[in-house]
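Rule-based calculations on the coordinates, nothing more; no lab input. This structure is a prediction, so every number in the text was calculated from the model and none was measured. Please note: Cβ atoms are built from the backbone with ideal geometry, for glycine as well, and neighbour counts cover all protein chains shown.
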Amino acid sequence: MIDISLIILLFSISVALAGVVVWIYQLLSRPSAFDPSPGKGSAKLGVLYAFTLGMLPWKKESARLHPLVYLRGIGFHMGIFAGMLVLILSIFNVTSPTILSLLLSVLMWLGIVSGVAAIVSRAADPMLKGISNADDYVSPALISLFMLTGALWAMGLFGTFYFYIATSILCLYLPWSKVRHCVYFFFSRGKIGAMQGHRGLLITPGSQLKKETR
């Protein structure tokens with residue numbers, strides 16, 4: 001028997017991947033801005049720093065000043081990764097050990113709570129609410145729905161239909177939403193790291209990076 005929801009899911013994933021590929025192509029086709037500043041450090045070390053030590057919470061002002069928001073973000077993304085693993089297991093009809101299913105379910109519930117908390121805090125904060133658009137609410141809501149249906153499937157409460165439909169809606173929405181930051185993050189983080197490393201703003205060769213990696 002043909003699983004219609006699986007066909008819809010695979011089609012939606014294809015649309016999402018195609019949209020992201022086109023978007024990346026357009027991004028890379030744009031001319032890069034020339035940095036006329038004299039080199040005072042290493043761009044390569046700057047990129048390395050940006051993706052390692054620079055990710056630590058005490059190295060990021062937003063995380064350092066708002067630790068609960070940082071932890072909420074960690075919980076949200078852990079839930080997303082757990083949901084993605086559950087999705088892969090379901091597509092390939094792999095039966096996971098009970099302890100793994102329980103762990104993934106817990107992580108997805110953690111992600112759901114974090115996602116809902118983010119939506120509520122954004123709506124309750126006058127400053128955040130003032131600079132937010134519809135996508136700032138729709139994206140975390142769809143991701144939370146993805147995790148919710150994934151968690152319920154992993155707990156054996158129902159089949160894959162609702163999980164696949166929720167995932168399909170998210171995939172179709174992804175190329176035009178803030179969810180695509182999962183791809184843009186690597187470009188922006190890498191570019192900022194290279195710029196700051198080149199200018200010696202974060203590290204200088206043989207000094208800060210070496211000190212922190214000892």
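For this structure, a couple of remarks:
- Rounded Å value of the spacing that divides the Cα centres of the range 1-57 and the range 105-129: 25
- When each of the peptides 56-69, 8-21 is scored by how many other beta carbons lie within 10 Å of its residues on average, the order from highest to lowest is 8-21, 56-69.
- Reciprocal mean inverse distance between Cα atoms of the range 79-144 - Kirkwood radius, Å: 13.3
- Rounded to the nearest whole Hz, the Karplus-based 3J(HN,Hα) values (6.51 cos²θ - 1.76 cosθ + 1.60, θ = phi - 60°) of the range 3-10 follow the sequence 8, 4, 5, 5, 5, 4, 4, 5, with x at glycine and proline.
- Tail beyond 20 Å, pair distance distribution of the range 42-202 (Cα, percent): 59
- 222 nm mean residue ellipticity, helices alone, for the chain (DSSP H n ≥ 4; -39,500 (n - 2.57); rounded to 500): -24000 deg cm²/dmol
- Neighbour-count ranking [beta-carbon atoms within 10 angstrom, fewest first] of PHE146, PHE186: PHE186, PHE146
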